[in-house]
Amino acid sequence: IPSDITVSPMPISMGEGALIAFADGSGIEQAGQMRRDFVANVSHELRTPLTALIGFIETLRGPARDDTAARERFLTIMETEAGRMNRLVGDLLSLSRVEAEERRRPTGKVDLNALLQGVADTLDRAAQAGGVRIEMTLPSQPVQVVGESDQLVQVFQNLVENAVKYGGSGGWVGITLDHVAHEPRLRGPGWSVTIQDRGEGIEALHLPRLTERFYRVDAHRSRNQGGTGLGLAIVKHIVNRHRGLLKIDSKKGQGSTFTVILPERHHGA
Ligand code: ADP
């Protein structure tokens, strides 16, 4: 077993107007099954907080009606549950938007240094409150890539948030922007953004499935920390849209490294 497990990247270029052919119908069957699983997952994820809300409404109407302290406590829980539903619906909308746009290439120009600095600034206070120091290593010259700024913010915010959330026990999260002279799978040079933590890491068996919708290593923990299980699925689609690569390296007990490599130049751009 290799010491570092690298999950092979997602297919990077489908080409405009790529045609997906189902020769034997099994692909259609598989797509149908995936859709059914997705709907079942969404329903389950929404029902859990909804059931809690309904239960607390009944309690507030009945037994807890005259108990001010209990009422306050229940309202706080209800707020948390409603927030969870809100985040889930927000992530579902994000996911469907990025999926719809995946074939359309981004056209904007993005200053990666500034974008990463912004992400770190946004998350720094919460990280520090949790005892995590965010360390940035950026090149001195400005770095520009073709991309959609809002979506790239979403990518790096998700990865840094995860590193703080799940890898925060190491007390440190590193964000590094580096030039890659030649990335074979991008057939050219690129810029890599590495988000590293020294937390507990992820067991190898989970790595290939991490970017699946609703896949979590520890569902209970993810939910407790406000996770929807959709973050890395969204990241994957956005990186695909940018014709980039996502690599995940992790070693149980030592921490995780998530690397996004974006092409320096877009073919035909
Ligand atoms: P979630 O909303 O659960 O955080 P994500 O799609 O962002 O969903 O991540 C999927 C799962 O991957 C998480 O539930 C967690 O188990 C695992 N994970 C993601 N990032 C890390 C990390 N830096 N260290 C350890 N585990 C991680």
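The values are calculated or read from the model by the stated rules, or taken from the named source; none is laboratory data. Keep in mind it's a predicted model, so treat the numbers as computed, not measured. In this analysis, Cβ positions are derived from the backbone assuming ideal geometry, glycine residues included, and neighbour counts consider all displayed protein chains. Quick note on the areas: whole protein, heavy atoms, side chains included, nothing else; ligands and nucleic acids left out. Shrake-Rupley method; radii C 1.70, N 1.55, O 1.52, S 1.80 Å.
Can you pull out every residue in the stretch 173-189 that is among the polar types (S, T, N, Q) and over 23 Å from the mean Cα position of the chain (by Cα)? Within the stretch 173-189, no residue meets the criteria.
The residue that is least open to solvent (accessible area, probe 1.4 Å), counting only those in the stretch 49-68 that are farther than 16 Å from Gly83 by Cβ and touching a Phe, Trp or Tyr at 6+ places or on another chain (Cβ under 7 Å), is Ala64. Among all positions in the stretch 154-161, there is no residue which is more than 19 Å from the chain's Cα centre (by Cα) and not small (Gly, Ala, Ser). Take the conditions (1) in contact with a Phe, Trp or Tyr (Cβ under 7 Å, 6 or more places away or on another chain); (2) open to solvent by less than 20 Å² (accessible area, probe 1.4 Å); His179 misses just one of them, which is (2). Is at least one residue of the stretch 228-249 under 22 Å from Gly168 (Cα atoms) and among the basic types (Lys, Arg)? Taking every residue of the stretch 228-249 in turn, at least one turns out to be under 22 Å from Gly168 (Cα atoms) and among the basic types (Lys, Arg). For the stretch 58-95, a residue qualifies if it is part of a loop (DSSP other than H, G, I, E, B) and out of contact with any helix residue (DSSP H, G or I) (no Cβ under 7 Å at 6 or more places or on another chain), and the qualifying residues are Gly62, Pro63, Arg65, Asp66, Asp67.
Checking each residue in the stretch 110-134 for being among the hydrophobic types (A, V, I, L, M, F, W, C), open to solvent by less than 30 Å² (accessible area, probe 1.4 Å) and in a helix (DSSP H, G or I) picks out Leu112, Leu115, Leu116, Val119, Ala120, Leu123, Ala127. One residue stands out in the stretch 166-197 among those that are of a type in the set (D, E, K, R) and more than 10 Å from the ligand (Cβ to nearest atom): the one that is nearest to Ala126 (Cα to Cα), namely Asp178. Just wondering, is there one or more residues in the stretch 101-109 that are in contact (Cβ under 8 Å) with a residue 24 or more places away in the chain, surrounded by 19 or more Cβ atoms within 10 Å (Cβ to Cβ) and either farther than 23 Å from Gly199 by Cα or more than 16 Å from the ligand (Cβ to nearest atom) (or both)? Scanning the stretch 101-109 turns up at least one residue that is in contact (Cβ under 8 Å) with a residue 24 or more places away in the chain, surrounded by 19 or more Cβ atoms within 10 Å (Cβ to Cβ) and either farther than 23 Å from Gly199 by Cα or more than 16 Å from the ligand (Cβ to nearest atom) (or both). Take the stretch 173-221 and flag every residue that is touching a strand residue (DSSP E or B) at 6+ places or on another chain (Cβ under 9 Å) and of a type in the set (Val, Ile, Thr). Passing the criteria: Val173, Ile175, Thr176, Val180, Val193, Thr194, Ile195, Ile202, Thr211.
Against the conditions (1) more than 10 Å from the ligand (Cβ to nearest atom); (2) over 23 Å from Gly108 (Cα atoms); (3) among the polar types (S, T, N, Q), Gln154 satisfies every one except (2). Scanning the stretch 154-172 for residues that are open to solvent by 10 Å² or more (accessible area, probe 1.4 Å), in contact with a strand residue (DSSP E or B) (Cβ under 9 Å, 6 or more places away or on another chain), part of a helix (DSSP H, G or I) and within 10 Å of Val132 (Cβ to Cβ) returns Val164, Gly168, Ser169, Gly170.
The set of residues from the stretch 243-269 being hydrophobic (A, V, I, L, M, F, W, C) and assigned to a loop (DSSP other than H, G, I, E, B) comprises just one member, Ala269. Could we say that Gln254 is near the ligand (Cβ under 8 Å from one of its atoms), out of contact with any Ser or Thr (no Cβ under 9 Å at 6 or more places or on another chain) and open to solvent by 30 Å² or more (accessible area, probe 1.4 Å) here? No; evaluated as a whole, the condition is false for this residue.
I want to confirm something. Restricting to the stretch 225-242 and keeping residues that are more than 10 Å from the ligand (Cβ to nearest atom) and part of a helix (DSSP H, G or I), which single residue is surrounded by the fewest Cβ atoms within 10 Å (Cβ to Cβ)? Looking at residues that are more than 10 Å from the ligand (Cβ to nearest atom) and part of a helix (DSSP H, G or I), I get Arg241.
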